[in-house]
Amino acid sequence: MRALYDFVVRVENLFDTEVTNSKSGLIRDTRWDDFEGRVPFGEVVCVPEKFDTPAEVGDTLLFHHHVSQEPEKYSMGEDLYRVSYDPHNYQGQSYCAIKGDGSVHMLGDWIFLVAYDVDTNEEVLTDDGIFLGHKASELKREAVVYCEGKGTESVGVNKGDTVGFVKNADYELLLPNGDKVYRCKPDDLEYVLL
C-alpha cells in the first residue's frame, strides 16, 4: 500500500478499557467518557508519500482523538486507520512520531508542553449538603516546553523554556511512556519567561 497524503497506522484497541487500580478486573464502559479511555497512538504502517516527515514505518504515531472516536470515518479494516497529515494547519491529526529509542519527533509545527495536574477534588455542596459537583479550578496557563516543533524556531522557543499560552490551548495527550503533554501551535504561545 502507498499512502499519498495521510498516515496509515495499526491500532489494535482504540480504547483502554481496563481499570488498572482494581483487583477485581473491572472494565471501563467508554460510552460515558470516550475521551478519557481513548488510545491516541498506533504503529505507522505507511507514511504520506507527498510529504517529507521524520516518521518511518514501525514508528509510533501520536494522533487526534477523532480517530478513536469515529472509527467508521477513519477505519481501513484489519485494525488499520487513516490519520490525516497537514504540516501547517489545525486540520492535521498527526502530531509526532516516536522512534524505537523513545525520541519524539514533532510533525509540522506542533509543540508539546508538559501538562500539569489540576486539583478537582474540592466538592461543592448546597447548604443542605447536596453534592453539586467539583469546584472548577482556575487553570494555570503556563507550562514547560516538552518538545518543540518547526514553528518554534521563528519565535525563539526551545525545549525546557517556560511559556504562557492562550486559553483552551491545553489539549491533553497521554504519550505511550505515560507522560502527559499539551499539544499546541506556536500561534497559541503568548510569552516566554526569561
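Brief remarks follow.
- DSSP loop trypsin sites (Lys or Arg not before Pro) with at most 13 other Cβ within 10 Å: longest gap in the chain: 51-134
- The share of accessible area on the chain that comes from carbon and sulfur is 47 percent, using a 1.4 angstrom probe.
- Largest to smallest in accessible area, the residues His64, His88 fall in the order His88, His64 (1.4 Å probe, all protein chains included).
- When only Cα pairs below 8 angstrom with a gap of at least 6 residues are kept, the chain shows a relative contact order of 16 percent.
- Heavy-atom accessible surface of the stretch 76-177, averaged per residue, reaches 58 Å², computed with a 1.4 Å probe.
- The percentage of C-alpha pairs in the stretch 41-150 whose separation is greater than 24 Å is 43%.
- Alpha-carbon gyration tensor eigenvalues x 5, square-rooted, for the chain, Å: 30, 25, 14
- Heavy-atom accessible area ranking, 1.4 Å probe, most first, across Val11, Val57: Val57, Val11
- Amide H within-cut-off set for Tyr171, under 5 Å, with H built and near neighbours excluded: Arg183
- Karplus-based coupling profile of the stretch 173-180, in residue order and whole Hz: 10, 10, 6, x, 7, x, 5, 9, with θ = phi - 60° in 6.51 cos²θ - 1.76 cosθ + 1.60 and x standing for Gly or Pro.
- Pairs of lysines in the chain whose Cα atoms sit within less than 17 Å of one another amount to 7, provided the residues are eight or more positions apart or on different chains.
- Only protein heavy atoms count here; under a 1.4 Å probe, Tyr5 has an accessible surface of about 130 Å².
- When the residues Ser75, Ser94 are ordered by accessible surface, computed with a 1.4 Å probe over the protein chains alone, the sequence from largest down reads Ser75, Ser94.
- Stretchable slack from Lys99 to Asp79, in nm (0.36 nm times residue separation minus alpha-carbon distance): 5.1 nm
The values are calculated or read from the model by the stated rules, or taken from the named source; none is laboratory data. Here the structure is a predicted model, which is why all the values come from computation and not from measurement. With ideal geometry, Cβ positions are generated from the backbone for all residues, glycine too; neighbour counts draw on all protein chains shown. Each accessible area value is taken on the protein alone, full model and side chains, heavy atoms only, with ligands, DNA and RNA left out. Shrake-Rupley method; radii C 1.70, N 1.55, O 1.52, S 1.80 Å.
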